[in-house]
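Right, one structure below, let's go through it.
Read-outs: derived from the displayed coordinates by stated rules, not from any lab. What you see is a predicted model, and the numbers here were worked out from it, not measured in a lab. Quick reminder, even Gly has a Cβ in these numbers, built from the backbone with ideal geometry, and neighbours come from all protein chains shown.
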Amino acid sequence: MARKSSSLELYQSFLEELRSSDVKPVYAFFGEETFFIDRLQDAAVETVPEESRDFNLDILYGQDVKANSVIDMCKSYPMMAERRVVIVRDFMKMFSDRRGGSAGEPAGTLSIGEDEHKGGSDEISLDDVSPQGSRDDFAAYLKQPNPTTLLFLTNDTRPAQHSALGKALKKGKTVTSHTFEAVPDYKIQQWITDWASAEHNLEFETGAAQLLAFHVGTNLQQLTVEIEKLSNFREDKGPITESDVRQVVGLSREYSLFEFQDALLEKNRDKTMAITHQMLKTADNATGEIFKMIGFLYSTFGKIWLIQRLSRKGLTPGQIRKEAGINSSFYYDKLVKAGRNYSLEDCPMVFETLLDADKALKGFSRETPEAIWLMTIKKLTG
């Protein structure tokens with residue numbers, strides 16, 4: 001089986017295409033991760049000479065323009081240039097009624113793109129929204145686009161495959177189309193290595209990539225800024241080390257209680273300790289922050305204990321969620337998974353450890369609050 005191309009490889013392929021003489025008339029990119037899309041848009045803009053952009057470049061937003069107007073622009077020929085470029089961001093909003101409903105529907109009805117969409121899928125079927133309208137004309141244009149116009153479309157979600165737009169936007173001879181997924185946390189280290197190599201011919205030591213990923217997270221824009229700084233710092237182009245990252249990158253990311261909780265529930269001691277250290281470092285009151293962590297964990301482990309107890313009694317997941325007052329299936333699944341690291345028999349130890357920390361912080365120990373809490377984490381992740 002052929003290896004699936006990464007988002008970075010596909011981005012580079014699209015970028016090369018836009019910079020070549022074989023530019024297609026239509027480019028449609030989807031996804032909430034706009035890092036690559038924004039750069040591809042810049043490449044689309046660059047296909048028009050700077051001196052003729054006043055006449056041959058339009059950057060529009062779906063909520064501010066009508067589909068028919070966009071079609072008219074696309075059918076127009078460039079002025080004293082090889083091509084014109086029409087960019088429409090959030091283009092599917094062109095088909096929404098400005099009063100809140102979809103085209104052809106009364107105001108107040110569900111508009112496309114709303115969170116309340118009831119399809120059981122991230123795809124949006126425009127055919128389901130309105131039986132008629134300019135979207136059909138738009139789909140017709142996409143099937144036979146003007147070869148001297150580059151139409152660049154973006155949107156969070158892709159239209160349903162069975163809709164007229166969905167069919168018209170399938171990748172083909174005149175259309176390039178792709179959905180960029182967000183890079184998950186566990187792939188960020190590899191992304192850093194790949195991006196640094198591709199864009200800067202720069203090598204990262206494994207520990208350095210891990211450190212940068214840990215402190216910056218999944219914000220691709222911020223990561224590229226930090227990699228750029230590191231590239232300029234290491235003029236000899238030698239491998240980036242952990243020391244380089246600590247010296248150049250501002251390691252001041254703020255972490256939430258939820259990130260702290262997730263690391264601890266995974267029993268990832270190093271990650272939990274690092275997050276704790278950073279949280280205490282940036283907190284206005286370290287002791288108060290620790291008390292918040294204790295209360296948060298006591299509540300979390302109380303649910304883990306209850307889930308396992310009810311599960312052993314033979315209750316179904318639905319019954320357990322109702323009994324425990326857990327509305328989110330995602331959160332429930334996370335707690336069930338945590339139960340693999342913290343069994344029912346482990347829970348009394350967890351509660352006792354948290355209570356010991358609470359007492360120590362209230363004056364029953366001569367250790368500093370930070371030392372008390374770090375020792376508590378060692379016990380909990382042991």
>> Just want to confirm a number: the relative contact order over the chain, from Cα pairs under 8 angstrom separated by 6+ residues, in percent.
In response: 14
> Roughly what angle does helix 286-312 make with the longest principal axis of the chain, taking Cα atoms, 0 to 90 degrees, to the nearest 10?
Replying inline: 90
> What's the exposure ranking of ASP54, ASP38, ASP136, ASP244, going from fewest to most Cβ atoms within 10 Å?
Replying inline: ASP54, ASP38, ASP136, ASP244
> Shape of the chain from its Cα gyration tensor (a ≥ b ≥ c, root eigenvalues): rounded if a/c is under 1.5, otherwise prolate when a/b > b/c, or oblate?
Replying inline: oblate
> Looking at the square roots a ≥ b ≥ c of the eigenvalues of the Cα gyration tensor of segment 1-96, which shape do they give, rounded for a/c under 1.5, prolate if a/b is larger than b/c, or oblate?
Replying inline: oblate
> How about segment 207-250: which GluC sites (Glu not before Pro) there are in a DSSP loop, with at most 13 other Cβ atoms within 10 Å of their Cβ?
Replying inline: GLU235
> Any idea what the dipole of segment 257-380 comes to, in debye rounded to 20, about its Cα centre with Lys/Arg Cβ at +1 and Asp/Glu Cβ at -1?
Replying inline: 400
>> In whole Å, what are the extents of segment 257-380 along the principal axes defined by its C-alpha atoms, from largest to smallest?
In response: 46, 25, 22
>> For segment 185-248, what does the relative contact order come out to in percent, with C-alpha contacts under 8 Å and a separation of six or more?
In response: 40
> If you take every DSSP beta bridge whose two residues both sit in the chain, what share of them, in percent to the nearest 5, is antiparallel?
Replying inline: 5
> If we count other beta carbons within 10 Å of each Cβ, what is the order of ILE87, ILE227, fewest first?
Replying inline: ILE87, ILE227
> Which value, in debye to the nearest 20, gives the size of the charge dipole of the chain about its Cα centre, when Lys and Arg are +1 and Asp and Glu are -1 at the Cβ?
Replying inline: 1320
> Is it possible to state the helix-based mean residue ellipticity at 222 nm for the chain, with each DSSP H run of 4+ residues giving -39500 (n - 2.57), the sum divided by total residues, to the nearest 500 deg cm²/dmol? What is it?
Replying inline: -15000 deg cm²/dmol
>> Restricting to Cα pairs below 8 Å that are 6+ residues apart, what does the relative contact order work out to for segment 257-380? Please round to a whole percent.
In response: 34
